[in-house]
Amino acid sequence: MNVLQVELDNNRSYPIYIGSGLLSQAELLTQHIRSKQVVIVSNETIAPLYLAQLETVLTDYQLASVILPDGEQYKTLQYLEKIFDELLAKKFSRNATLIALGGGVIGDMGGFAAACYQRGIAFIQIPTTLLAQVDSSVGGKTGVNHPLGKNMIGAFYQPQCVIADADVLDTLDDRQLSAGLAEVIKYGLIRDLAFLEWLEANMPSLIARDKVALAYAIERSCANKAEVVGEDEFESGVRATLNLGHTFGHAIETGSGYGHYLHGEAVAIGTCFAADLSRRLGWLNDIDVARIQAIFKAANLPITPPAEMATEQYVDLMAVDKKNVDGKIRVILLEAVGKASLPVNVDLVQLQATLNDYAG
Ligand code: NAD
Ligand code: GLY
């Protein structure tokens, strides 16, 4: 097992445990629970696979569980309320602990429920997708979607710990594994050129689920994320670089209907948009753009946008983004391969040119 640390102020630092067989190590989990009441939030796909295993290490607790329907389209205030219903029905107190057992959807919803219930209860992330293990479970961004904007309702709220057990990836399908690789590639592109080169050399092993390669990719991704979050927890600066491809990606997710494109797929397409825009600004050259497209392709990810979305729809959706200031669209671009820019105001002429060429 490897242990990384997210370093935060006010005694809020926490460990990320990465390894195999972690779900059955009772002490690993229970050392972070300081209450008798524990609620596990999961969904109807993951619960049949892993809930019982988790419950067997929690026999000494007053346990409740909330099993939500599976899908990005249920990441809403309406379904968030189901968690509050259960906590209140079971009379859970303010010292209760919430465990989010699932992918990014469950992690974001569970974390937000924990942030809100009685103004904040402890929570633990047990991420079960590659995307959640390398990104969403770390750093305390929690929330739900709104029909007009992705992740628009939420809070920064940090967990007590993250337990990333690589064994649970055995049941994850190939499309989901690739979606997680989009966020792994992101770290290489924005700040870790050596990792990007390693990914280029090792993508076939990752796709083939080589355990050693996957463990290395998870660890290196979490190390990058922990460093960025430790430096800028509330995204007043460098943390925004983690959003490379996300402004375009979120527009694709919202515009094509939540759940149609996986988050990682939309990020892959969005990053290719961002690369094209960076080329138009003279920051990348044609070879860089082709290199970026090639690594996403090697990870079996899409790089072209949905045919049915029109240019105006992107601009409209991108106008609702958390990086925007005074309603002005701002995006993360690449100054070079391996170096992201801070949020830049979009040059509308260049944006329009990219959208026209790229989005048709
Ligand atoms: P997801 O949570 O929808 O999970 C993907 C699918 O895999 C679901 O059908 C799920 O039930 C299934 N699944 C999960 N674990 C499994 C397992 N071990 N075996 C078999 N099936 C399994 O999607 P995701 O890609 O994990 O997360 C995407 C979400 O994360 C989006 O809502 C996105 O906005 C959010 N996100 C948040 C952050 C953050 O910093 N908070 C960062 C990136 C993404
Ligand atoms: N996934 C982006 C962030 O955590 O900041």
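The values are calculated or read from the model by the stated rules, or taken from the named source; none is laboratory data. Bear in mind that the values here come from a model prediction, so they are computed numbers and not experimental data. Ideal geometry is used to build each Cβ from the backbone, glycine not excepted, and the neighbour counts take in all protein chains shown. SASA here: full protein model, heavy atoms, side chains in, ligands and nucleic acids out. Shrake-Rupley method; radii C 1.70, N 1.55, O 1.52, S 1.80 Å.
Computed over protein heavy atoms with a 1.4 Å probe, the carbon and sulfur contribution to the accessible area of the range 247-332 reaches 51%.
Once the Cβ-Cβ distance between ARG94 and GLN25 is put in as r, and R0 is 41 Å, what FRET efficiency do you end up with, to the nearest 0.05? Efficiency, rounded to the nearest 0.05: 0.90. For MET152, MET203, the ranking by accessible surface with the largest value first comes to MET152, MET203, using a 1.4 Å probe.
Counting only the backbone N, which residues of the range 325-350 are under 18 Å from the spot 7 Å out from the Cα of ARG291 toward its beta-carbon? Only 333-341 pass the distance filter. Calculated mean residue ellipticity, 222 nm, the chain: -13500 deg cm²/dmol, from DSSP H runs (n ≥ 4) at -39500 (n - 2.57) each, averaged per residue and rounded to 500.
Cross-link check: pairs LYS186/LYS323; LYS75/LYS339; LYS91/LYS150; LYS36/LYS82 evaluated at a Cα-Cα cut-off of 25 Å; pairs beyond the cut-off: LYS75/LYS339; LYS91/LYS150. What a 1.4 Å probe finds exposed on the range 1-75 is 45% carbon and sulfur by accessible area, rounded to a whole percent. Only protein heavy atoms count here; on that basis, with a 1.4 Å probe, ASP173 has an accessible area of about 90 Å².
Taking all protein chains together and rolling a 1.4 Å probe, THR56 ends up with roughly 100 Å² accessible. For the range 101-183, the Cα gyration tensor yields ellipsoid semi-axes of 22, 16, 9 Å (square root of five times each eigenvalue, largest first, whole Å). Close amide H pairs (under 5 Å, H built 1.01 Å from N) link ALA155 with THR142, GLY143, residues at least 5 positions away or on another chain. Taking the protein heavy atoms of the range 119-181 in the context of the full set of protein chains, the accessible area attributed to carbon and sulfur is 52 percent at 1.4 Å.
Ordered from largest to smallest accessible area (heavy atoms of protein chains, 1.4 Å probe), the residues ASP210, ASP174 come out as ASP174, ASP210. Measuring nothing but how far apart in sequence close Cα pairs (under 8 Å, 6+ apart) lie, relative to its length, the chain scores a relative contact order of 15 percent. Where does the Debye-calculated log10 I(q)/I(0) of the range 266-360 sit at q = 0.23 Å⁻¹, using only Cα point scatterers of equal weight, no solvent? Once normalised to I(0) and log-transformed, intensities are -1.34. One quarter of the convex hull surface built on the alpha carbon atoms of the chain amounts to 16.3 nm², the projected area averaged over directions. Based on the Cβ-Cβ distance from ALA310 to ASP347, what FRET efficiency comes out when R0 is 22 Å, to the nearest 0.05? Efficiency for this residue pair is about 0.65. The DSSP beta bridges internal to the chain are antiparallel in roughly 40% of cases. Remark: accessible surface ordering of PHE156, PHE84, PHE123 (largest first) is PHE156, PHE84, PHE123, probe radius 1.4 Å.
The residues of the range 5-56 present an accessible area of 48 Å² per residue when probed at 1.4 Å with all protein chains retained. Taking the C-alpha atoms only, the angle from helix 174-191 to the longest principal axis of the chain is near 70 degrees.
With all protein chains kept in place, the per residue accessible area of the range 97-255 amounts to 29 square angstrom at a probe of 1.4 angstrom.
When the surface is traced with a 1.4 Å probe over the full set of protein chains, SER178 keeps roughly 10 Å² accessible.
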